[in-house]
Amino acid sequence: MDKQTQIELEAATFRRLLKHLEKHTEVQNIDLMILASFCRNCLAKWYRAEAEGKGIEMDYPTAQELIYGEPYSEWKAKYQAEVSDDKLTAFAEVQKKLAEEEG
């Protein structure tokens, strides 16, 4: 496979991931963080970092809007649920484990 085809496939796959997440608003960011150590906000941060690496200025809210399909504040008001203490504890455990692995 040539490099351009690979890039096109990767871009299409990323767009499918965003559509999938857009359809599944019931999946909370905290759940993604606990299970996969990333969430929609991580994707926005990575997107922004890649843009800036190419010399493209982008603020975080713009990157979030590209990932969420709307301003984050609107998405959050519609879909983000209150986080339970159990989920916060699970998240803290995941973060601790990641820190130990990187350590």
*Does residue 45 meet the test of being in a helix (DSSP H, G or I), among the basic types (Lys, Arg), exposed (fewer than 12 other Cβ atoms within 10 Å of the Cβ) and out of contact with any Cys (no Cβ under 6 Å at 6 or more places or on another chain)?*
no
*Tell me, which residue of the range 22-41 that is touching a helix residue (DSSP H, G or I) at 6+ places or on another chain (Cβ under 6 Å) and among the aliphatic types (A, V, I, L, M) is nearest to residue 83 (Cα to Cα)?*
30
*Would you be able to tell me the number of residues in the range 1-56 that are hydroxyl-bearing (Ser, Thr, Tyr), within 15 Å of the chain's Cα centre (by Cα) and over 17 Å from residue 70 (Cβ atoms)?*
2
_Pairs, first in a helix (DSSP H, G or I) in the range 59-71, second modelled with pLDDT of 95 or more and of a type in the set (A, V, I, L, M), C-beta under 7 Å, six or more apart_ = 60/44; 63/44; 64/44; 67/18; 67/43; 67/44
*Among 51, 44, 81, which is touching a residue at least 12 places away in the same chain (Cβ under 8 Å) and in contact with a helix residue (DSSP H, G or I) (Cβ under 7 Å, 6 or more places away or on another chain)?*
44
_Tell me yes or no: at least one residue of the range 64-73 is within 26 Å of residue 101 (Cβ to Cβ) and of a type outside the set (D, E, K, R)._
yes
*Taking the range 15-29 only, how many residues are touching a Leu at 6+ places or on another chain (Cβ under 9 Å) and either under 23 Å from residue 59 (Cα atoms) or exposed (fewer than 15 other Cβ atoms within 10 Å of the Cβ) (or both)?*
3
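The values are calculated or read from the model by the stated rules, or taken from the named source; none is laboratory data. Given the structure is predicted, the values throughout are model-derived calculations rather than measurements. Note that we place each Cβ from the backbone using ideal geometry, even for glycine, and neighbour counts take in every protein chain shown.
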